[in-house]
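The values are calculated or read from the model by the stated rules, or taken from the named source; none is laboratory data. Model, not experiment: these values are computed from the prediction. Cβ coordinates were reconstructed from backbone atoms using ideal geometry, including for glycine residues, and neighbour counts include every protein chain displayed.
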Amino acid sequence: MMRTIPDMDTVALAATDGMLHFELSLAYEVFGTPLTGADRWYSLVVCGPGSVRAGRFLLEPDHGLDRLARADTVIVPGWADVDVEPPADLVEAVRAAHEAGARVASLCTGAFVLAAAGLLDGRRATTHWAHTRDLAARYPRVEVDPDVLYVDNGSVLTSAGKAAAMDLCLHLVRLDHGSSVANAVARRLVVPPHRDGGQAQFVTAPVPAPDNHPLAELFPWVIERLDQPLTVEDLARRARMSARNLSRHFSAVTGTSPLQWLLTQRIRHAQELLETTDDSVEAIAAATGMGTATTLRRHFARTVGVPPDTYRRTFRSRRDAPAGVRRP
């Protein structure tokens, strides 16, 4: 049985020869650097079978792979050569960790390790878009989704490549510490605070610099007005373009539609208010432009997976838990 979320203190990076150094370094930065002002943070360990070479870098792990079984969260970075089977000792260690109750997450092609361990059988999963066909062909029991940034199955999570690996790491921080802390980590790393896991991993055009695309001024304008009943026409008028042109730019820049992006921002704002205020669900519905508590509850449960009241109780219990105390 997977450990409860408040217990998610120890993060283990599974490192072996052939790992992609970018994903490994990314996870090390997110989970290994304590956030200033945070009440608690992760204890990060690097586990491997002796000295490990990742690209041109030589890594000296803290522990052997058997240490994965005592971790709360195991991160499996990208695997460089997907044409060969992952090392058997790594596969076995990851499987043993999951059986012992660890939450296991793969970054990019690390999904091939999870698939080899049988953790993705009967589950929806993703990996870098260039390798989704290979993953599906080699492991037919895995439901491979090539069109998302990451997939959260609770105890098993997978992400697409590079930037999506950061999205998944921030998603884990959000699950464990709440939206405000995840946003603070994102600000420290100067990356977007949240991209939905269901967002397309391959957009129609490269994402321009934050101040150099047609929607650069629109995004902050919308964020400041989430309490208002904005429509696509309102956004198009503000952006000084037609609704059709607006949709085209949204697809190119965000990989989603204007209304879906707007709904995501409303839900994320609702999460922060539930975590940080005592406002009623009715008040939060008004503050996020959702209109009524019924509408907020419907969209919130469908997007987040739990009702607003349950979400608030969960994060309040984590916040109020004494440091070092583990819940059963």
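Results, tabulated for the structure shown:
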quantity	calculated
Candidates V52, V46, V91, filtered to the one that is farther than 12 Å from V11 by Cβ and touching a Leu at 6+ places or on another chain (Cβ under 6 Å)	V52
Unique residue being in contact with a Phe, Trp or Tyr (Cβ under 6 Å, 6 or more places away or on another chain), at pLDDT below 95 and within 19 Å of L13 (Cα to Cα) when the list is L168, L172	L168
Residues of the stretch 72-107 classified as under 20 Å from R53 (Cα atoms) and small (G, A, S), total	5
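The rows are residues; the columns are (1) free of Cβ contacts under 8 Å to residues at least 40 places away in the same chain; (2) assigned by TED's automatic domain parsing to the domain that holds H299; (3) touching a Leu at 6+ places or on another chain (Cβ under 7 Å); (4) not aliphatic (A, V, I, L, M).
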{"position": "Q228", "(1), (2), (3), (4)": "no, yes, no, yes"}
{"position": "R248", "(1), (2), (3), (4)": "yes, yes, no, yes"}
{"position": "L263", "(1), (2), (3), (4)": "no, yes, no, no"}
{"position": "R266", "(1), (2), (3), (4)": "no, yes, yes, yes"}
{"position": "Q271", "(1), (2), (3), (4)": "no, yes, no, yes"}
{"position": "S280", "(1), (2), (3), (4)": "yes, yes, no, yes"}
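Here's the yes/no breakdown for (1) buried (at least 20 other Cβ atoms within 10 Å of the Cβ); (2) hydroxyl-bearing (S, T, Y); (3) within 17 Å of T158 (Cα to Cα); (4) under 21 Å from the mean Cα position of the chain (by Cα):
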{"position": "A54", "(1), (2), (3), (4)": "yes, no, no, no"}
{"position": "P86", "(1), (2), (3), (4)": "yes, no, yes, no"}
{"position": "A96", "(1), (2), (3), (4)": "no, no, no, no"}
{"position": "E99", "(1), (2), (3), (4)": "no, no, no, no"}
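Rundown of residues vs (1) under 20 Å from the mean Cα position of the chain (by Cα); (2) crowded, with 21+ Cβ neighbours inside 10 Å, yes/no style:
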site	(1), (2)
R103	yes, yes
L119	yes, yes
T132	yes, no
Y139	no, no
D176	yes, yes
V181	yes, no
